[in-house]
Amino acid sequence: MPEEFRDEVLSRRWFLTATAGAAGAAIASTASAETLADVPDRGPGADLSAHSERSRFAKLDRIPESTPGKRNIDPSDAINSKTPHQKLVGNITPTDLHYERSHSGVPDIDPSQHRLLIHGMVGRPLVFSVDDLKRMPSVTRIVFIECTGNGWENWKKADPDLTVQNTHGLVSTNEWTGVPLKFLVDLVAKDKGANWMLAEGGDGAGVDRSIPLTDEIMEEAFVAYGQNGEPLRPAHGFPMRLLMPGFEGNLNIKWLRRLKFGAAPWMTRWETARYTQLLADGKARQFQFRMETNSVITQPSGMMQIQPGYNRISGLAWSGHGKIAKVEISTDGAKTWKQAQLTLPLLSKAQVRFQMDWDWDGKPTKIVSRSTDEKGNVQPDRASFIAAMGTNALFHYNAQQTWSIDEAGRVRNVLA
Ligand SMILES: Nc1nc2c(c(=O)[nH]1)N[C@H]1C(S)=C(S)[C@@H](COP(=O)(O)O)O[C@H]1N2
Ligand SMILES: [Mo]
């Protein structure tokens, strides 16, 4: 049995058992016809094609955004483009809807011209082409990438008109394929004393970050050229990017062109001026690499409208520490909690979908989810999160997300 599934078998209770209980009864009573008489007749279909598009009835779009709270902007001003989690199912984000964060636009790189230089404190500096990388042993792994800015809309106040795409659209999960970092490290014969690595992008912004070579990072980082079975999309780093499972989105350097090994961090502007965390006491925290335990209800969520009676609650949970151990849901404003079911596969550092039956009595209430990961980290409620962090900070917001529901069934973003 694969490693990932062993724990699940032990605690099968919390994984989906597809028996028609409350949900079946509620749905059978709303489903109507017992014949297909009203369904349009069958006929010849459209021509087959070189690649498929979505149904014209399925409208799925990211939303480009400039600074937090500024939406409906000229796409040339966009710094982010967010994943529509309210319209997605399952655990994997479609490739074209994986969120996008680029500091200087998307470069148009010819892979035959692209090179990866690996140098610094190494025995043998080397330059690789994309084809060189594709000839090496590869790993394939499903992981989330999350921008440190995910959730920043709700640091200070909650705009009631936000959807889950606005509040949590800067995290996505894809399958990535590439060469293990440790394979490249061996090829260039890295010095024992070189405990840091600088990774540099080939875009106009030239984003570069210093990464500590902990055992975990040496084991898990890889240079990816594949995304959901195809070459990386340009927005996500074509022809190659760094993949850092569980760590800040910003470290997953796109359009990767250089890895340099050294004995200390380089203190680039990205880790001094930009990706630092201003704490309550006015001091700034540097190198906060790991993404925390998080979750959000995507169904029902901001700007939706629900009906009294049976509703299915569903959402996504993830942690940069490893696997999600459990997700609890409260439908009474965090007074009482019930454990949700998790859908397989449950993978380390990947988003997992949770779900639960709910009978809404039609009275105003609040719904909220809270995740716990396998290392025992519990997603904090907003009050304790703000008590610990203050409101100066901008990054790594992982407080529980509350949606309020009024008597008309309108779902809105609230702080708690
Ligand atoms: N070279 C380069 N790498 C980059 C960036 C960039 O602007 N340039 N953005 C970073 C940030 S802030 C994030 S959150 C992730 C986003 O990856 P994605 O666009 O594939 O979702 O890429 C990171 N890597
Ligand atoms: Mo980011």
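The values are calculated or read from the model by the stated rules, or taken from the named source; none is laboratory data. Note that this is a predicted model, so its numbers are computed, not measured. With ideal geometry, Cβ positions are generated from the backbone for all residues, glycine too; neighbour counts draw on all protein chains shown. For accessibility, only protein heavy atoms count, side chains too; no ligands or nucleic acids. Shrake-Rupley method; radii C 1.70, N 1.55, O 1.52, S 1.80 Å.
Working only within the stretch 231-277, note down all residues that are in a loop (DSSP other than H, G, I, E, B), open to solvent by 10 Å² or more (accessible area, probe 1.4 Å) and near ligand 1 (Cβ under 7 Å from one of its atoms). First the steps, then the outcome.
From the stretch 231-277, those in a loop (DSSP other than H, G, I, E, B) are 232-233, 237-240, 244-246, 248, 252-255, 263-268, 275-276; that's our starting set.
From the residues that got through so far, the ones that are open to solvent by 10 Å² or more (accessible area, probe 1.4 Å) too are 233, 238, 254, 263-268, 275-276.
Answer for the stretch 231-277, where residues must be in a loop (DSSP other than H, G, I, E, B), open to solvent by 10 Å² or more (accessible area, probe 1.4 Å) and near ligand 1 (Cβ under 7 Å from one of its atoms): just 254.
Looking at residue 263, is it assigned by TED's automatic domain parsing to the domain that holds residue 220, without any contact (Cβ under 8 Å) to a residue 12 or more places away in the chain and farther than 20 Å from residue 139 by Cβ? So that I can check it myself, show each step before the final result.
Working: assigned by TED's automatic domain parsing to the domain that holds residue 220: yes; without any contact (Cβ under 8 Å) to a residue 12 or more places away in the chain: no; farther than 20 Å from residue 139 by Cβ: yes.
Here the answer is no, as residue 263 does not meet what is asked.
Conditions tested, residue by residue: (1) within 21 Å of residue 237 (Cα to Cα); (2) buried (at least 17 other Cβ atoms within 10 Å of the Cβ); (3) away from ligand 2 (no atom under 16 Å from the Cβ).
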site: 37; (1), (2), (3): no, no, yes
site: 40; (1), (2), (3): no, no, yes
site: 64; (1), (2), (3): yes, yes, no
site: 75; (1), (2), (3): yes, no, yes
site: 86; (1), (2), (3): no, yes, yes
site: 100; (1), (2), (3): yes, yes, no
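Can you list residue pairs whose Cβ atoms sit under 7 Å apart, with the first residue in the stretch 232-254 being within 13 Å of ligand 2 (Cβ to nearest atom) and the second being basic (Lys, Arg) and in a strand (DSSP E or B)? Count only pairs 6 or more apart in sequence or on different chains.
247/290; 249/101; 250/209; 251/209; 252/241; 253/209; 253/241; 254/241
Considering only the stretch 206-228, state which residues are in a loop (DSSP other than H, G, I, E, B), within 16 Å of ligand 1 (Cβ to nearest atom) and open to solvent by 30 Å² or more (accessible area, probe 1.4 Å). Break it down into steps so the answer makes sense when it comes.
Of the stretch 206-228, the ones in a loop (DSSP other than H, G, I, E, B) are 206-207, 213-214, 221, 228.
Subset that is within 16 Å of ligand 1 (Cβ to nearest atom): 206-207, 221, 228.
Once the filter is applied, which keeps residues that are in a loop (DSSP other than H, G, I, E, B), within 16 Å of ligand 1 (Cβ to nearest atom) and open to solvent by 30 Å² or more (accessible area, probe 1.4 Å), the stretch 206-228 yields only 228.
Being within 14 Å of ligand 1 (Cβ to nearest atom) and touching a His at 6+ places or on another chain (Cβ under 9 Å) is the requirement here; does residue 103 meet it? Please lay out each step first, then the result.
Working: within 14 Å of ligand 1 (Cβ to nearest atom): yes; touching a His at 6+ places or on another chain (Cβ under 9 Å): no.
When the stated conditions are applied, residue 103 does not pass them.
Test of understanding: among 327, 378, 368, which residue is buried (at least 18 other Cβ atoms within 10 Å of the Cβ), over 22 Å from residue 160 (Cβ atoms) and not assigned by TED's automatic domain parsing to the domain that holds residue 275?
Numbers: 378 fails: buried (at least 18 other Cβ atoms within 10 Å of the Cβ); 368 fails: over 22 Å from residue 160 (Cβ atoms).
Answer to the check: 327.
Away from ligand 1 (no atom under 16 Å from the Cβ), acidic (Asp, Glu) and either over 28 Å from residue 318 (Cβ atoms) or in contact with a Lys or Arg (Cβ under 7 Å, 6 or more places away or on another chain) (or both), is that true of residue 108?
On the way: away from ligand 1 (no atom under 16 Å from the Cβ): no; acidic (Asp, Glu): yes; either over 28 Å from residue 318 (Cβ atoms) or in contact with a Lys or Arg (Cβ under 7 Å, 6 or more places away or on another chain) (or both): yes.
Criteria not met by residue 108.
With respect to the numbered conditions (1) touching a strand residue (DSSP E or B) at 6+ places or on another chain (Cβ under 9 Å); (2) over 20 Å from residue 228 (Cα atoms); (3) within 16 Å of ligand 1 (Cβ to nearest atom), which one is the sole condition not fulfilled by residue 67?
Unmet for residue 67, out of (1) touching a strand residue (DSSP E or B) at 6+ places or on another chain (Cβ under 9 Å); (2) over 20 Å from residue 228 (Cα atoms); (3) within 16 Å of ligand 1 (Cβ to nearest atom): (1).
Please enumerate the residues belonging to the stretch 278-290 that are open to solvent by 60 Å² or more (accessible area, probe 1.4 Å) and either assigned to a loop (DSSP other than H, G, I, E, B) or within 13 Å of ligand 1 (Cβ to nearest atom) (or both).
280, 281, 283, 286
Select from the stretch 136-185 the residues that are under 19 Å from the mean Cα position of the chain (by Cα), in a loop (DSSP other than H, G, I, E, B) and more than 16 Å from ligand 2 (Cβ to nearest atom) and write down the one among them that is surrounded by the most Cβ atoms within 10 Å (Cβ to Cβ).
Only one residue tops the list, namely 163.
Give the residue, chosen from 366, 326, that is within 21 Å of residue 309 (Cβ to Cβ) and part of a strand (DSSP E or B).
Numbers: 326 fails: within 21 Å of residue 309 (Cβ to Cβ).
One residue alone meets the criteria, 366.
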